[in-house]
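In what follows, a single structure is set out as structure tokens and then discussed.
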Amino acid sequence: MFKSCQTLLVAVGLAFGSQSCFWNDDFDDDEVDVVVPENQGTLTVRWTIDGQVEASNCTAHGADFLELVVFDQFGAFASRSYAPCADFTTSILLPEGVWAAEITLVTDAALAVTDRRRFDDVMIVQDEELVLNADFTLDSFL
């Protein structure tokens, strides 16, 4: 009896195991499934250098990008993105909630050329845009 029970369990295991695996010949490497969370809002960061929106100021100070780092309400890293310095604005989507954000002007090797600006209690609301403005004064450059 034990032998037949063991055989039955193996047969059942193989039957269920074979049903849980499949091969999809229609897979396309270019297709990516994107899951977009509901309840998102937009965080927009706008910056100036010494009160000006001049691309030449980015070059003069060695700033290639703005680095935007976002942390969740518990201080855990959530995201990092970069925007060309000369754009002077960038936007990202975030789920609704309270966040913190840090911005720094950096080189193309992601080395800081300014001090870090921190924004706490960044409240993202569904379908709303929150704009953070920052001026990198000349004394903020390292």
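Evaluate the charge dipole of region 44-142 about its Cα centre and quote only its size in Debye, nearest 20, assuming +1 on the Cβ of each Lys and Arg and -1 on the Cβ of each Asp and Glu.
Dipole of region 44-142, to the nearest 20 debye: 200 debye.
Please turn the phi angles of region 94-105 into ³J(HN,Hα) values with the Karplus equation 6.51 cos²θ - 1.76 cosθ + 1.60 (θ = phi - 60°), one per residue in order, whole Hz, x for glycine and proline.
Along region 94-105, the couplings run 9, x, 4, x, 9, 10, 10, 9, 10, 10, 8, 7 Hz.
Quick check: pseudo-label points 7 Å beyond the Cα along Cα→Cβ at Glu38 and Gln126, how many nm apart are they?
For Glu38 paired with Gln126, the spin-label model returns 0.7 nm.
Go through region 67-82 residue by residue and turn each phi into a ³J(HN,Hα) via Karplus (6.51, -1.76, 1.60, θ = phi - 60°); whole Hz please, and just put x for glycine and proline.
With the stated coefficients, region 67-82 comes to 9, 10, 10, 10, 10, 6, 5, 9, x, 7, 4, 10, 6, 9, 9, 10 Hz.
Residues in region 110-141 near a label at Glu102, defined as backbone nitrogen under 15 Å from the 7 Å Cα→Cβ point?
Only 110-121 pass the distance filter.
Taking amide H positions as placed 1.01 Å from N in the peptide plane, with prolines and chain starts having none, which residues 5 or more places from Thr114, or on another chain, fall under 5 Å of its amide H?
The list, which skips near neighbours in sequence, is Leu105, Leu142.
For Leu93 paired with Asp72, estimate the spin-label separation in nm (one decimal), with each label point 7 Å from Cα along the Cα-to-Cβ line.
It is 1.9 nm.
Each label point is 7 Å from the Cα along the Cα-to-Cβ direction; what then is the distance between the points at Ala109 and Thr137, in nm?
Spacing of the two 7 Å Cα→Cβ label points: 3.0 nm.
Roughly speaking, what is the stretch gain from Val53 to Tyr82, that is 0.36 nm per residue apart minus the C-alpha to C-alpha distance, in nm to one decimal?
8.7 nm
In region 89-128, what trypsin sites (Lys or Arg not before Pro) fall in a loop by DSSP, with at most 12 other Cβ atoms inside 10 Å?
Hits after loop and neighbour filter: Arg116.
Can you list the residues, at least 5 places off or on another chain, whose amide H is less than 5 Å from the amide H of Gln40, using H built in the peptide plane?
Amide H to amide H, under 5 Å and 5 or more residues apart or across chains, Gln40 pairs with Glu96, Asp127.
Read-outs throughout are calculated quantities, based only on the coordinates presented, and are distinct from any laboratory measurement. Model, not experiment: these values are computed from the prediction. Quick reminder, even Gly has a Cβ in these numbers, built from the backbone with ideal geometry, and neighbours come from all protein chains shown.
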